[in-house]
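> One structure coming up, written as structure tokens, with questions to follow.
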Amino acid sequence: TGAVTLNGGSLDLGGQTISNAIAANGGALGGSGTVSGAVTGAVVIDSAGAVTFNNQKTYTGGTTIDAGVLDLTGGGGAAGTIRGTVTINTGATLKLSNGDALGYNNNTTAVNVVNLVGGKMTAAAGANQTTTAKIYLTGGTIDGTVNLDLFSNNSSVTTYASAASSTISVSTMNLRQDNTVFDIADGAAANDLLISSVIGNGDGGNHAMIKNGAGTMKLTAFNVFTGNVTVNDGVLDLTSGGIYTDEYRNNTVTVNTGGTLKLKNFGYSATASLGQLRNQGSSRVINGGTIEVTDGTHIASGNNFSVGSNGGTFRYNPVTTSDTLTLNGNSNDNIVINGALIMQTDGNITVDEIIQGSGSLTKTGDQTLTL
């Protein structure tokens, strides 16, 4: 009935429910079992099975999962089940089996940092997982069958350079805040962050996506969030998915210096890379960066773009170099160039619309540009 103190040692739970208070002090919890008593100190999970926390824990020393599973089945809500910093190392799993197990208070009563260093976090509850945590992945994985909501203008996603892709594959990832930042480092993986989840809104906020960092972030679902998109650095790859695919959108996609937006197609439909983004040049802004289109021969009817004072590049880069991309424009809008635009023809480009503005146009590449 007394308290258990771990001074660098380990406690094998032995399949039991432990109601005693535990002073972890950096010692490890192992085996399989449930901890229902109070816990203090810094917690390490080093288990061949699953350690379960079935109620809220208020320890502040952080949690490190080196092996096995930490399953959060109780607590939850604004204050979460655990709090502080959680680190999940290779081969280990944090399982979220209760709604809002990470908590969503912007203070010390919720998880504020999740470090996935080759490890996995699984959203397994029957309810949403709402978090204000900053999430860091180094070849880490977030999966599960429910939503993960980034909330309250505090949550962000950062990846560090890794030989393995970091992945997010929950059912839906909602941008329930303003200006969600994805800061993606450039590692050896072809895709530094691969997101197959549908990205949605949830509720309040402007739901904007900001892509920073020199790495590649690839979205493979047809996403329905409604905020603006800004690519400041690296690559945002939409060649296997799209944004604004649910209905007509009045948004702006801006590609700044150092950034590249890769698209399968430049058309206008629910299955296009830019979905049903309004067919005006002011909605697709190249301001020092690059828009690259990779699909074969097609007509991009009504989808114009504009070039800001920092210039930029529009590149057509199909697998078959004899393919032609035709930009048709519409009666209401034209291509507007207010900086130095490079049209890179790795495939043929035909511009069947008016080009206007005070900037310049330079053609590069081996194929033909027809105006």
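> Output the residues belonging to the range 254-269 that are at pLDDT 90 or above, assigned to a loop (DSSP other than H, G, I, E, B) and small (Gly, Ala, Ser).
The one that is at pLDDT 90 or above, assigned to a loop (DSSP other than H, G, I, E, B) and small (Gly, Ala, Ser): Gly258.
> Against the definition (small (Gly, Ala, Ser), over 21 Å from Phe151 (Cα atoms), crowded, with 18+ Cβ neighbours inside 10 Å and touching a residue at least 40 places away in the same chain (Cβ under 8 Å)), how does Gly213 come out, yes or no?
Yes.
> Take residues that are under 17 Å from Gly241 (Cα atoms) and out of contact with any Asp or Glu (no Cβ under 7 Å at 6 or more places or on another chain) and tell me which of the strands (runs of 3 or more DSSP E) falling wholly in the range 270-329 contain 3 or more.
In the range 270-329, the matching strands (runs of 3 or more DSSP E) lie at 290-293.
> Scan the range 97-115 residue by residue and report those that are within 19 Å of the chain's Cα centre (by Cα) and more than 16 Å from Ser152 (Cα to Cα).
The answer is Val114, Asn115.
> If I ask for residues that are outside any loop (DSSP other than H, G, I, E, B) and under 17 Å from Glu292 (Cβ atoms), which ones from the range 362-371 would you list?
Thr362, Lys363, Thr364, Leu369
> Which of the following residues is touching a residue at least 24 places away in the same chain (Cβ under 8 Å), closer than 24 Å to Gly234 by Cβ and in contact with a Ser or Thr (Cβ under 6 Å, 6 or more places away or on another chain): Thr294, Thr245?
Thr294
> Picking from Asn287, Asn332, Asn304, which residue would you name as being modelled with pLDDT under 95 and under 19 Å from Val231 (Cα atoms)?
Asn304
The values are calculated or read from the model by the stated rules, or taken from the named source; none is laboratory data. Everything quoted here is computed from the prediction, not taken from an experiment. FYI the Cβ positions are ideal-geometry reconstructions off the backbone, even for glycines, and counts take in every protein chain you see.
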